[in-house]
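The values are calculated or read from the model by the stated rules, or taken from the named source; none is laboratory data. Fair warning: this is a prediction, and the values are worked out from it, not measured in the lab. Note that each Cβ is placed from the backbone with ideal geometry, even for glycine, and that neighbours are counted across all protein chains shown.
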Amino acid sequence: MANIDLGTFGINEGICEMIVTTYHGWSPNAAPMGIIRKNDEVLVRLFKGSTTYKNVMSEQMLVANLVYDPVLFVRTTFGNLDDSEFDVFTHEGRNFSVLKDAMCWAVFECTDMKETSEALVAKLRPLHARMNKTVFRSVNRGFNLVIESCVHATRYKLTNDEKYMRLIKAYSCTVNKCGGKSEKQAMKLILDHLEGKK
Ligand SMILES: Cc1cc2nc3c(=O)[nH]c(=O)nc-3n(C[C@H](O)[C@H](O)[C@H](O)COP(=O)(O)O)c2cc1C
């Protein structure tokens, strides 16, 4: 597909927090990643050590899934999904995996891959995209703070710095006030995970 209007697929100016799916061998993988858009340039920065990084290094492809389910963000931050939660498609002879629950998704080829000691930065060239559902969502502070808490949770696990835990606990009050059932469930999953209950 040549001319893909990326804004239609949730990829707007700035950093778009999406769930990136990659595929290697027979295993699909999903993880939250920031898709960075500056005018017409789209980039991703993948820190070394993740499965997404390894899959992109070997396949030079990724899919950006637009997801509104906060529980999916939490589950993919801490682990992987069941294979049954992915669909696998083929485009021009190459396999790629997408999330069944994505509102829409866009497949990208990763080009101009540059590595630093810590990360890989790749430009993203859109190949193909699909709209599954058109849903208009209002801004929900609870949802936004679940995403923020996921980011802090990854930092907390890396550094053990208690400031991240304090922030997450503070956010959980707003999530419980402003969020819906799934935001509250997502926040509980984060706290249970960090407190070692799961
Ligand atoms: C909202 C959000 C955005 C993230 N963005 C990135 C990113 O842009 N690059 C990155 O390397 N990790 C990012 N992470 C961290 C990864 O999602 C996390 O390390 C994950 O466990 C990697 O999973 P994987 O090993 O299955 O690839 C982000 C996490 C969250 C919650």
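Could you look through segment 4-36, keep only residues that are more than 8 Å from the ligand (Cβ to nearest atom) and of a type in the set (D, E, K, R), and pick out the one that is modelled with the lowest pLDDT? Only one residue fits best here, namely Asp5. Residue pairs whose Cβ atoms lie under 8 Å apart, sitting 6 or more positions apart in sequence or on different chains, and linking a residue in segment 34-49 that is in contact (Cβ under 8 Å) with a residue 12 or more places away in the chain to a partner that is near the ligand (Cβ under 7 Å from one of its atoms) and of a type in the set (Ser, Thr, Tyr), are Leu46/Thr52; Leu46/Tyr53; Phe47/Tyr53.
Residues in segment 145-178 that are modelled with pLDDT of 95 or more and either aliphatic (A, V, I, L, M) or in the same structural domain as Lys100 (by TED's automatic domain parsing) (or both): Leu145, Val146, Ile147, Val151, Ala153, Met165, Leu167, Ile168, Ala170, Val175. Trp105 fulfils the conditions (1) over 18 Å from Leu72 (Cβ atoms); (2) crowded, with 17+ Cβ neighbours inside 10 Å; (3) in the same structural domain as Met18 (by TED's automatic domain parsing) except for a single criterion, (1). Each residue in segment 123-163 was checked for being at positive phi and either of a type in the set (Ser, Thr, Tyr) or assigned to a helix (DSSP H, G or I) (or both), and 0 of them qualify.
Annotation for segment 89-105: no member residue is in a loop (DSSP other than H, G, I, E, B), of a type in the set (Lys, Arg), over 26 Å from Asn144 (Cβ atoms) and out of contact with any Cys (no Cβ under 6 Å at 6 or more places or on another chain).
Beta carbons closer than 9 Å, at least 6 apart along the sequence or on distinct chains, pair a first residue in segment 11-24 that is within 11 Å of Lys38 (Cβ to Cβ) with a second that is modelled with pLDDT of 95 or more and of a type in the set (Val, Ile, Thr) for Gly14/Ile36; Ile15/Ile35; Ile15/Ile36. Lys100 falls short on exactly one of the conditions (1) more than 20 Å from Val56 (Cβ to Cβ); (2) not assigned by TED's automatic domain parsing to the domain that holds Ser58, and that condition is (2). In this structure, Cys150 does not qualify as surrounded by fewer than 18 Cβ atoms within 10 Å (Cβ to Cβ) and either within 16 Å of the ligand (Cβ to nearest atom) or farther than 30 Å from Phe89 by Cβ (or both).
From Thr154, Thr174, grab the single residue that is more than 20 Å from the chain's Cα centre (by Cα) and hydroxyl-bearing (Ser, Thr, Tyr).
Working: Thr154 fails: more than 20 Å from the chain's Cα centre (by Cα).
The unique qualifying residue is Thr174.
Considering only segment 58-88, state which residues are among the polar types (S, T, N, Q) and either more than 11 Å from Ile19 (Cβ to Cβ) or part of a strand (DSSP E or B) (or both).
Just the residues of segment 58-88 that are among the polar types (S, T, N, Q), to begin with: 58, 60, 65, 76-77, 80, 84.
Of everything in segment 58-88, those that are among the polar types (S, T, N, Q) and either more than 11 Å from Ile19 (Cβ to Cβ) or part of a strand (DSSP E or B) (or both) turn out to be Ser58, Gln60, Asn65, Asn80, Ser84.
Selection of segment 33-57 for residues being surrounded by fewer than 20 Cβ atoms within 10 Å (Cβ to Cβ), in a strand (DSSP E or B) and not small (Gly, Ala, Ser) yields Ile36, Arg37, Lys38, Glu41, Leu43, Arg45, Phe47. The set of residues in segment 171-198 that are of a type in the set (A, V, I, L, M, F, W, C), free of Cβ contacts under 8 Å to residues at least 24 places away in the same chain and either surrounded by 12 or more Cβ atoms within 10 Å (Cβ to Cβ) or over 18 Å from Arg141 (Cβ atoms) (or both) contains only Leu191.
Filter segment 37-47 down to the residues that are at pLDDT 95 or above and either more than 8 Å from the ligand (Cβ to nearest atom) or small (Gly, Ala, Ser) (or both), then identify the one that is nearest to Pro126 (Cα to Cα). Restricting to residues being at pLDDT 95 or above and either more than 8 Å from the ligand (Cβ to nearest atom) or small (Gly, Ala, Ser) (or both), the top hit is Val42.
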